[in-house]
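The values are calculated or read from the model by the stated rules, or taken from the named source; none is laboratory data. Because the structure is a prediction, the values reported are computed rather than measured. Ideal geometry is used to build each Cβ from the backbone, glycine not excepted, and the neighbour counts take in all protein chains shown. The area values use the complete protein model at the heavy-atom level, side chains included, leaving out ligands, DNA and RNA. Shrake-Rupley method; radii C 1.70, N 1.55, O 1.52, S 1.80 Å.
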Amino acid sequence: MNSLLKTLSCAGGHDPESIPVEQARKLILDLVEPVAGTERLFVRNALGRVLAEDVLATANVPGHDNSAMDGYAVRFADLAPEGETALRLAGSAFAGRAFAGHLEAGHCVRIMTGGVIPEGADTVVIQEVVRAENERIVVPPKQRQGQHVRRAGEDLRQGSPALRAGKPIRPAELGLLASLGAAEVNVRRRLRAAFFSTGDELCSLGTPLKAGEVYDSNRYTLFGMLTRMGCEAIDLGVVRDEPAALEAAFRRAAAEADVVLTSGGVSVGEADFIRGMMAKLGEVAFWKIAMRPGRPMAFGKIGDAWLFGLPGNPVAVMVTFYEFVREALLKMMGVAPVEPLPQFRVPCTTALKKRPGRSEFQRGILFRENEEWKVRATGTQGSGVLHSMSEANCIIVVEHERGNVEPGELVDVQPFEGLV
Ligand code: AMP
Ligand code: MG
């Protein structure tokens, strides 16, 4: 038994040839490590990348106390507790154009949202409640000290970490980095993911189908899923079910990439060489998971490259990718902490057939009825029916121990939004 397999079989006490989903997920996640390389990018080019270091606030954000409303900056001490107070207008403070002087007693300054609070002022009175009268601004009673003032450093204090290493850079982070004046950031290098399809029946696009052939769709879903995650997707084409061709493909993929994904050829059929080839060139950790679809799945390593031998069925490819590969890729990309897919419980309006002793991932449609979110299964659930993935907007997760689901029972769903 090779070392990886040994580590894994010792880890759980489960038969390494049939392992529960949760355990497989954890074992994979524990083994993979973030890639070491980093690069410095202009902020906009960093969208979709992962921060390689903490980014500290170089200054307070906002940099000055400023007004949250349009109105008048006043000295709270000037305001009469009961009755109105008339103040003399001393000038204006607009966003980007501060009031130059010190606000003297008995005066106020016209101020707009974002305008810097003048020295001496501490409170803003909104324009809607004041009255202009004989060159004076009349303020009603019952104002609160400090109202409508955004404090310097309220968003971020100078020197505090604004963003932590491991943070994926999304639109909010681009804006936050810009608000800190950071023109460039250090990010992890892009993860290189090579993939190929296996099967003598597969036909590539652009070639007419011969009898018994199917178009290779897995390379397209894999390309999409990897690209969406921000990986460099390296397409190595279709590989015949021949040991020599598979060996050459694995060697090339492992040399070029951090992670290698294959589809097909992992069940026990005559032509299923993937597992054997992975074991010959490197190590295989396990190859059967107690789940449906996607039971055969190999995980292993050749040299420094991690391998995922995904099943051939198009739906199983997507399900195993999102249930196992996604988290591993996130960790390799440097994301910390790695969060599982969001999952929540809703009533299921259709009956689901389910056998205890394995996790099942069915295609579902989340919908709203009488103000409540519910889910129903898509019509066809065959693991070859990619159409069901396209029709669905979520995966219904029926847990390991559970049996049949009756209409109205609660089930877990993982929404697709942002994934597919
Ligand atoms: P396998 O695991 O290789 O026996 O494949 C299981 C099923 O998935 C077979 O019906 C294959 O034809 C189909 N399949 C495998 N690879 C692909 C692919 N790349 N695109 C579409 N269907 C595939
Ligand atoms: Mg095959």
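A compact table of results
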{"read-out": "Whole-number Å³ per residue for the convex hull built on Cα positions in region 194-340", "value": "111 Å³"}
{"read-out": "Nearest 10 degrees, 0 to 90: helix 243-256 Cα axis against the chain principal axis", "value": "20 degrees"}
{"read-out": "In region 200-241, the trypsin sites (Lys or Arg not before Pro) that fall in loop regions by DSSP, at most 11 other Cβ within 10 Å", "value": "210"}
{"read-out": "Solvent-accessible surface ranking, highest first, for 102, 107 at 1.4 angstrom", "value": "102, 107"}
{"read-out": "Amide H contacts of residue 56 (H built 1.01 Å from N, under 5 Å, at least 5 apart or other chain)", "value": "162"}
{"read-out": "Gap separating the Cα centres of region 95-150 and region 226-270, nearest whole Å", "value": "67 Å"}
{"read-out": "For region 66-150, the Rg and Dmax computed from alpha carbons only, in angstrom", "value": "11.2, 35"}
{"read-out": "Angle between the chain longest axis and helix 218-228 axis [Cα atoms, degrees, rounded to 10]", "value": "20 degrees"}
{"read-out": "Full-extension gain in nm, residue 58 to residue 105, via 0.36 nm per residue minus C-alpha separation", "value": "13.4 nm"}
{"read-out": "Where the chain is the region considered: accessible area per residue in Å², 1.4 Å probe", "value": "48 Å²"}
{"read-out": "Region 316-420, dipole about Cα centre (Lys/Arg Cβ +1, Asp/Glu Cβ -1), debye to the nearest 20", "value": "300 debye"}
{"read-out": "Student exercise, region 249-336 dipole from Lys, Arg, Asp, Glu Cβ charges, in Debye to nearest 20", "value": "140 debye"}
{"read-out": "Residue 203-residue 142 pseudo-label distance in nm [points 7 Å out on the Cα-to-Cβ vector]", "value": "8.0 nm"}
{"read-out": "Using alpha carbons only: equivalent-ellipsoid semi-axes of the chain, gyration tensor based, whole Å", "value": "59, 26, 19"}
{"read-out": "Farthest positive-ward along the chain dipole, Cα basis, beta-carbon charges - from 384, 126, 285", "value": "285"}
{"read-out": "Residue of 158, 362, 145 that the Gaussian network model of the chain assigns the largest fluctuation, springs spanning Cα pairs under 10 Å", "value": "145"}
{"read-out": "Antiparallel content of DSSP bridges confined to the chain, in %, to 5", "value": "65 percent"}
{"read-out": "Hits among lysines - C-alpha to C-alpha of residue 354 under 25 Å, sequence gap 8 or more where chains match", "value": "26, 288, 374"}
{"read-out": "Estimated FRET transfer efficiency when R0 is 41 angstrom, pair residue 370-residue 227 (beta carbons, to 0.05)", "value": "0.60"}
{"read-out": "Debye intensity ratio I(q)/I(0), log10, region 275-372, q values 0.15 Å⁻¹ (C-alpha model)", "value": "-0.76"}
{"read-out": "Cα-based reach from residue 167 at 16 Å (exclusive), listing lysines while leaving out same-chain residues under 8 positions away", "value": "331"}
{"read-out": "Cleavage-rule hits, GluC sites (Glu not before Pro), region 316-374, DSSP coil, Cβ neighbours within 10 Å at most 15", "value": "371"}
{"read-out": "q = 0.11 Å⁻¹, region 344-415: log10 I(q)/I(0) [Debye, one scatterer per Cα]", "value": "-0.23"}
{"read-out": "Separation in nanometres of the label points that stand 7 Å from Cα toward Cβ, at residue 214 and residue 170", "value": "3.5 nm"}
{"read-out": "Packing-based order for 187-198, 84-95, using average beta carbon neighbours within 10 Å, highest first", "value": "187-198, 84-95"}
{"read-out": "Length released on extending from residue 399 to residue 128, taking residue separation times 0.36 nm less the Cα-Cα span", "value": "91.8 nm"}
{"read-out": "Cα-based helix-to-principal-axis angle, 3-12 vs the chain, degrees rounded to 10", "value": "70 degrees"}
{"read-out": "Rounded to 5, the percent of DSSP beta bridges in region 66-150 classed as antiparallel", "value": "75 percent"}
{"read-out": "Computed magnitude of the charge dipole of the chain (debye, nearest 20; Cβ of K, R +1, Cβ of D, E -1)", "value": "260 debye"}
